[in-house]
Amino acid sequence: MANTTNIPDLLDRLHADDATVLSALFQAYNHRLLYFAKSMVHDNAVAEEVVADTFVKLWQGRYRVKREDGVKAFLYIATKNACLNYLKSSHAKQHFDYELDEAMLTADPEVYIKLIRTELMQDINHALQQLPPKQQEVFKLSFLEGLSTEEICQTLGLSPNAVFANRSRALETLRKLLKDHTFFLLFFLWHHFS
Amino acid sequence: MLYLPIETMMNTLKQTEHIIALLHQYLAGILNEAEQEALRSYVKDYPALNILLEELTDEDVLLEKLKDFENVYSDGKEATQQRMLEMINQRLQKPPVIKSIYSKWWPRWAAAAMILFALSFWGIKQYQHDTRAITDKRLQQAAKIYGGNNQAVLTLANGQSIRLLPDRKGIETQGKEVRYQDGTPLTSSEEWSDHYTLHTPIGAQYQLTLADGTRVWLNAASSITYPQQFQGKERQVTIEGEVYFEVAKNIEKPFIVCSEGQEIEVLGTSFNVKAYTDEKTTRTALFDGSVKIKHLGTNGKMIDALLLRPGYEAYLQDKKLTQQRTDLNEAKAWRQGNFYFADTPFDEMIKQLQRWYGIEVIYRNKIPVDTFRGGMSRTLDLLTVLDFLKGSDISFELVDKKLYIN
């Protein structure tokens, strides 16, 4: 699944102070963490600040992470705590990053749902990114931007036939990619097209 | 706030993954009895899951959420990620360890690097000729800026400073006298001092021969404090900036180079130390023999040490001492009158230019995270050098010795 990010020797590299692993982690997690933070604080600048800080905290606290999946938990918990601290008018308690228990993630059901949503979106988005660039563009413009075929032709400089071809190829590729796990996306795409 | 015993918390992420898998299957309408029951019990634990379920079954809402996810970067993906990386690097207080993740930059820079490499050193004249027409306009506007015009200064123990003649290349200690390497006297025996500081300003380099015959090269904006004669059991000097040593062999009397947080101990060998206080890393590159590098705490006590091997470079950064194989051309180039970049980060490269051309640097945006490879002569004027470094993503503007980077 897309949310199990595969970074070779992740823990070893973290513990050996190999800073390049931070770069890999940033690539793997910045998008979803930013979405997660934004869903809590509803402010671009604050969310960016929080997420940047999360990676700094991970680096500073890298020896405290003992398990590979603990890295992901750490990132979510640190982001969550920073957001809650920012919103602390409604939460009297300050949340500290040493409370790195995974239970921190489920403790607040509302936040937990945001996390699940984030991971779901990450899954779908990841599947989309496996598509060739042209198909990706066509998919994004038609489904996410809601452009008409004609508008897509203009935007991408493609003929209507090429747009149709790319759209159906996008679907076909997505189906192949998603066959193993993300059944529902397949389902909704079928639905949308029929 | 809900607190659970540790054992039950261990698998929260596993649980999250399980819920997500169930949601996928729910939406695809392929949940079996047991799975339906599992999802129902999750909904009981987390009633808010109902909101999510509703959301996911409404296609328009789902597309809307996907759009939000897609558009999470406020200034576009590149600019926003760049800004965050900048924040991270800044807060980690170290040179950019995180390289740009935009692969499309790489081919451009690879091309730029190849051009740099191909035109390095001997090829430079041809290039200069070819680009003269292009750069002429700007050259007329801005006077050419060259490095290498400044004078080194020798300071005596009593604080008296002597400006050294730039055309003499170097000085040496001969008995109690200091003189130019061509034999011209500099101080008479009445003026002798028990120690000296030789300092090079921006844009200058200078040579020095110590009382024991050790030869020293100072790069720009560097200094060395050394005694008239080496007394006692050790030969000790203190440096700042970039200095190359060819240490005269004397097994009885180890030669010690002190810089901020570091001590290098050698018997006889040649090595290059780069210990600028405005850079985060102290680098020591070894050409032959072996040297011992010690990392010292603020109290002067040794924290860590390593034996450096020839062809390797020691890095002291963030109080950590490491060594790795290196391209010795980089440590050697400046003495041969060249710039040489071996995957050098942008800001480090700019610092070299600052120290040589005496320019002020103003970043209009963030510091680019690119690295550079290649070399060129330090006798070139600044604009010519900048022409090499210009890329499609970076542009330079030079106004009155102020370099603006866009």
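The values are calculated or read from the model by the stated rules, or taken from the named source; none is laboratory data. Fair warning: this is a prediction, and the values are worked out from it, not measured in the lab. In this analysis, Cβ positions are derived from the backbone assuming ideal geometry, glycine residues included, and neighbour counts consider all displayed protein chains.
Residues in region B:286-301 that are of a type in the set (A, V, I, L, M, F, W, C) and either in contact with a Leu (Cβ under 6 Å, 6 or more places away or on another chain) or outside any strand (DSSP E or B) (or both): B:286, B:291, B:293. Looking across A:37, A:24, A:78, one residue alone is of a type in the set (Gly, Ala, Ser), under 26 Å from residue B:322 (Cβ atoms) and out of contact with any strand residue (DSSP E or B) (no Cβ under 8 Å at 6 or more places or on another chain). It is A:24. Taking the numbered list (1) modelled with pLDDT of 80 or more; (2) of a type in the set (Gly, Ala, Ser); (3) in contact with a Leu (Cβ under 7 Å, 6 or more places away or on another chain) in turn, residue B:183 passes all entries but (3). Against the list (1) at pLDDT 80 or above; (2) assigned by TED's automatic domain parsing to the domain that holds residue A:45; (3) of a type in the set (Ser, Thr, Tyr), the condition residue A:118 fails is (2).
Condition check ((1) modelled with pLDDT of 85 or more; (2) away from chain B (no Cβ under 11 Å); (3) not in a helix (DSSP H, G or I)) across all residues:
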site	(1), (2), (3)
A:47	yes, no, no
A:59	yes, no, no
A:92	no, no, yes
A:97	no, yes, yes
A:110	no, no, no
A:147	no, yes, yes
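If only residues of region A:4-38 that are farther than 14 Å from residue A:72 by Cα and more than 10 Å from chain B (Cβ to nearest Cβ) are counted, the one that is farthest from the chain's Cα centre (by Cα) is A:16. For region B:186-199, a tally of residues being modelled with pLDDT under 80 and within 31 Å of the chain's Cα centre (by Cα) returns 0.
Can you list the helices (runs of 4 or more DSSP H) lying wholly within region B:1-111 that have 3 or more residues being modelled with pLDDT of 85 or more, at the interface with chain A (Cβ under 7 Å from one of its Cβ atoms) and within 18 Å of residue A:26 (Cβ to Cβ)? Explain how you work it out, then say what you get.
On the way: elements: B:6-9, B:12-28, B:33-45, B:49-57, B:59-70, B:77-92.
In region B:1-111, B:77-92 are the helices (runs of 4 or more DSSP H) which contain 3 or more residues that are modelled with pLDDT of 85 or more, at the interface with chain A (Cβ under 7 Å from one of its Cβ atoms) and within 18 Å of residue A:26 (Cβ to Cβ).
Looking only at residues of region B:248-263 that are of a type in the set (Val, Ile, Thr) and not in a loop (DSSP other than H, G, I, E, B), we find that the one that is nearest to residue B:328 (Cα to Cα) is B:257.
I'd like to verify a number: residues in region A:112-145 that are over 27 Å from residue B:46 (Cβ atoms) and either charged (D, E, K, R) or at the interface with another protein chain (Cβ under 7 Å from one of its Cβ atoms) (or both), how many?
Filtering region A:112-145 down to residues over 27 Å from residue B:46 (Cβ atoms) leaves A:128-145.
Subset that is either charged (D, E, K, R) or at the interface with another protein chain (Cβ under 7 Å from one of its Cβ atoms) (or both): A:134, A:137, A:140, A:143-145.
Summing the residues that are over 27 Å from residue B:46 (Cβ atoms) and either charged (D, E, K, R) or at the interface with another protein chain (Cβ under 7 Å from one of its Cβ atoms) (or both) in region A:112-145 gives 6.
I'm checking my understanding of the structure. Among residues of region B:231-247 that are touching a strand residue (DSSP E or B) at 6+ places or on another chain (Cβ under 8 Å) and assigned to a loop (DSSP other than H, G, I, E, B), which one is farthest from residue B:201 (Cα to Cα)?
Step one: of region B:231-247, the residues touching a strand residue (DSSP E or B) at 6+ places or on another chain (Cβ under 8 Å) are B:234-247.
Imposing the further condition that a residue be assigned to a loop (DSSP other than H, G, I, E, B) reduces the set to B:234, B:247.
Working: B:234: 29, B:247: 24 Å.
Among them, the one singled out is B:234.
Scanning region B:383-397 turns up no residue that is farther than 19 Å from residue B:89 by Cα, at pLDDT 80 or above, of a type in the set (D, E, K, R) and assigned to a loop (DSSP other than H, G, I, E, B).
What number of residues within region B:161-182 satisfy the criterion of being in contact (Cβ under 8 Å) with a residue 24 or more places away in the chain and in a loop (DSSP other than H, G, I, E, B)?
Residues in region B:161-182 being in contact (Cβ under 8 Å) with a residue 24 or more places away in the chain and in a loop (DSSP other than H, G, I, E, B): 4 in total.
When B:351, B:332 are checked against the criterion of being over 16 Å from the mean Cα position of the chain (by Cα) and surrounded by 14 or more Cβ atoms within 10 Å (Cβ to Cβ), B:332 stands alone in meeting it. Any residue that is in contact with a Gly (Cβ under 8 Å, 6 or more places away or on another chain), in a strand (DSSP E or B) and surrounded by fewer than 18 Cβ atoms within 10 Å (Cβ to Cβ) - is there at least one of those in region B:183-201? Within region B:183-201, none of the residues are in contact with a Gly (Cβ under 8 Å, 6 or more places away or on another chain), in a strand (DSSP E or B) and surrounded by fewer than 18 Cβ atoms within 10 Å (Cβ to Cβ).
Has region A:169-192 got any residue that is under 30 Å from residue A:62 (Cα atoms), within 10 Å of another protein chain (Cβ to nearest Cβ) and at pLDDT below 70? Checked region A:169-192: no residue is under 30 Å from residue A:62 (Cα atoms), within 10 Å of another protein chain (Cβ to nearest Cβ) and at pLDDT below 70.
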